[in-house]
Amino acid sequence: MRDTPVASWPVRRRRVAARSGGLLVGAGLILFVGLVSVAVGAKPIPLDVVWHAIFGYDGSYDANVIWDQRMPRTLLGLAVGAALGASGALMQALTRNPLADPGVLGVNAGASVGVVASVLLFGLTQLAQYAWFAFAGAAIAGVVVYLLGSTGRGGPTPVRLALAGTVVGAVLTGIITAITTTNAQSWQLMRFWTIGSLVNRNAEVLVQVVPFLAIGAVIAFSITGALNALALGDQVGRALGARVGRTRLLAGVAIVLLCGGATAAAGPIGFVGLAVPHAVRAIVGPDYRWVVPYSLVAAPLLVLGSDILGRVVLPSGELEVGVVTAVVGAPVFIYLVRRRRVAAL
């Protein structure tokens with residue numbers, strides 16, 4: 001019996017080395033896909049030109065296109081994808097619901113209300129202006145859902161949080177519908193924002209949301225060990241030393257920062273936070289010390305890959321990334337949930 005832990009150390013080291021190598025491979029893929037994202041567009045730019053423009057700006061037309069348009073779009077796609085992947089993993093851990101997504105905690109609906117309110121009350125039509133309202137709406141909705149889910153005996157349980165999020169989301173969706181059907185300007189803006197897009201997102205939007213996403217990511221990494229204990233149930237988690245209430249609160253804050261910031265910047269992009277954690281668990285298992293970082297690396301690949309595909313799939317024009325992720329993500333997710341060992345948390 002004493003020899004078992006000692007004998008398992010080589011296996012553990014190999015497993016850690018393999019998973020760490022997987023993260024390095026993912027980082028390399030992100031670099032490659034990022035370069036392709038900068039190169040692909042209405043005017044294709046060779047990769048060698050992209051490389052020289054990034055590391056040696058020469059003021060040429062291609063360099064200006066890269067730095068003014070494609071680089072902010074690519075970096076925002078990376079940031080939004082990472083945020084959606086990590087927040088999806090946190091949502092599924094917090095609610096112990098493998099079907100949890102940004103809509104479960106009312107984040108998408110809250111952000112949408114913020115956009116509608118910015119148009120209706122202040123006449124804002126620029127993304128850099130109403131992104132703050134979208135983030136504020138997402139944060140307020142997340143707080144309300146947590147407070148409602150915390151009422152009564154037993155505190156914020158996964159079922160209560162899911163029910164509170166569903167109720168709040170339904171109420172906010174009704175408010176959005178009532179406003180947009182009577183206000184042409186807000187309807188016109190919502191018609192484009194709710195698709196989920198990286199088009200016309202400049203560096204100003206990226207600078208606005210990155211601090212929130214960075215703080216959310218730090219919080220997410222700090223509670224991965226506690227999430228493992230929480231996944232075993234509240235009583236077992238407490239017995240293992242996890243502070244259940246504190247962990248849930250921090251997870252909720254991280255979700256609002258990550259998902260709220262991503263939704264504010266790019267609109268609601270579906271299936272990323274839902275499908276990526278499932279795929280990741282098929283690779284690394286249920287350990288959130290690996291699920292969160294792998295989701296943070298894998299989701300940008302899906303978002304940027306979908307954005308690139310949307311630029312080339314039509315002979316003229318392009319499909320928004322939110323449309324492509326839905327088309328690509330839906331069959332993949334159906335395949336994943338049909339595998340019982342992946343569908344279960």
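Taking region 95-124 as the search range and keeping residues that are under 22 Å from Val253 (Cβ atoms) and of a type in the set (Gly, Ala, Ser), which one is farthest from the chain's Cα centre (by Cα)?
Checking each candidate, the answer is Gly114.
Yes or no: Arg281 more than 23 Å from Thr173 (Cβ to Cβ) and not aromatic (Phe, Trp, Tyr)?
When the stated conditions are applied, Arg281 passes them.
Does region 324-338 contain at least one residue that is of a type outside the set (Val, Ile, Thr), buried (at least 24 other Cβ atoms within 10 Å of the Cβ) and either at pLDDT 75 or above or within 20 Å of Ala214 (Cα to Cα) (or both)? Spell out the reasoning first.
Narrowing region 324-338 to residues of a type outside the set (Val, Ile, Thr): 326, 329-331, 333, 335-336, 338.
Still in the list and also buried (at least 24 other Cβ atoms within 10 Å of the Cβ): none.
No.
Name the residue that is nearest to Arg70 (Cα to Cα), counting only residues in region 22-41 that are in contact (Cβ under 8 Å) with a residue 60 or more places away in the chain and among the hydrophobic types (A, V, I, L, M, F, W, C).
Val40
Pick from region 134-156 the residues that are over 13 Å from Leu105 (Cα atoms) and touching a residue at least 12 places away in the same chain (Cβ under 8 Å): which of them is surrounded by the fewest Cβ atoms within 10 Å (Cβ to Cβ)?
Top of the filtered list is Gly155.
Within region 183-214, track down each residue that is loosely packed, with under 15 Cβ neighbours inside 10 Å and either on the phi > 0 side of the Ramachandran plot or in contact with an Asp or Glu (Cβ under 7 Å, 6 or more places away or on another chain) (or both).
Matches in region 183-214: Asn200 only.
For region 192-248, enumerate the residues that are more than 18 Å from the chain's Cα centre (by Cα), in a helix (DSSP H, G or I) and over 21 Å from Asp287 (Cβ atoms).
The answer is Phe192, Ala203, Glu204, Gly245.
Can you find a residue that is over 22 Å from Thr247 (Cβ atoms) and not hydrophobic (A, V, I, L, M, F, W, C) anywhere in region 157-168?
Yes, that holds for at least one residue.
Contact list please: Cβ distance under 6 Å, first residue in region 296-320 and without any contact (Cβ under 8 Å) to a residue 60 or more places away in the chain, second residue among the hydrophobic types (A, V, I, L, M, F, W, C) and surrounded by 19 or more Cβ atoms within 10 Å (Cβ to Cβ), pairs at least six apart or on different chains.
Partner pairs satisfying both residue conditions: Ser306/Val321; Ser306/Val324; Leu309/Val324; Gly310/Val321; Gly310/Val324.
Report the residue count in region 7-41 for those that are over 17 Å from Val303 (Cα atoms) and touching a helix residue (DSSP H, G or I) at 6+ places or on another chain (Cβ under 8 Å).
Of the residues in that region, 3 qualify.
Among the candidates Ala226, Ala254, Ala242, Ala231, which residue alone is hydrophobic (A, V, I, L, M, F, W, C), modelled with pLDDT of 90 or more and farther than 23 Å from Leu319 by Cα? Break it down stepwise before answering.
Numbers: Ala226 fails: modelled with pLDDT of 90 or more; Ala242 fails: modelled with pLDDT of 90 or more; Ala231 fails: modelled with pLDDT of 90 or more.
Exactly one of Ala226, Ala254, Ala242, Ala231 is hydrophobic (A, V, I, L, M, F, W, C), modelled with pLDDT of 90 or more and farther than 23 Å from Leu319 by Cα, namely Ala254.
Restricting to region 280-299, and then to whatever is among the hydrophobic types (A, V, I, L, M, F, W, C) and out of contact with any Ser or Thr (no Cβ under 9 Å at 6 or more places or on another chain), can you tell me which residue is nearest to Ile219 (Cα to Cα)?
Leu296
Could you run through region 36-48 and say how many residues are among the hydrophobic types (A, V, I, L, M, F, W, C), buried (at least 16 other Cβ atoms within 10 Å of the Cβ) and in a helix (DSSP H, G or I)? Walk me through it before giving the result.
Taking region 36-48 as the starting set, the residues that turn out to be among the hydrophobic types (A, V, I, L, M, F, W, C) are 36, 38-40, 42, 45, 47.
Among the residues that remain, those that are also buried (at least 16 other Cβ atoms within 10 Å of the Cβ) are: 38-40, 45.
Next cut, in a helix (DSSP H, G or I) only: 38-39.
Number of matching residues: 2.
What is the number of the single condition among (1) under 19 Å from Phe135 (Cβ atoms); (2) modelled with pLDDT of 85 or more that Ala203 does not meet?
That leaves (2) as the condition not met.
The values are calculated or read from the model by the stated rules, or taken from the named source; none is laboratory data. A quick note: this is a predicted structure, and the numbers were derived from the prediction, not measured. No Cβ is skipped: glycine too gets one built from the backbone with ideal geometry, and neighbour counts run over all protein chains shown.
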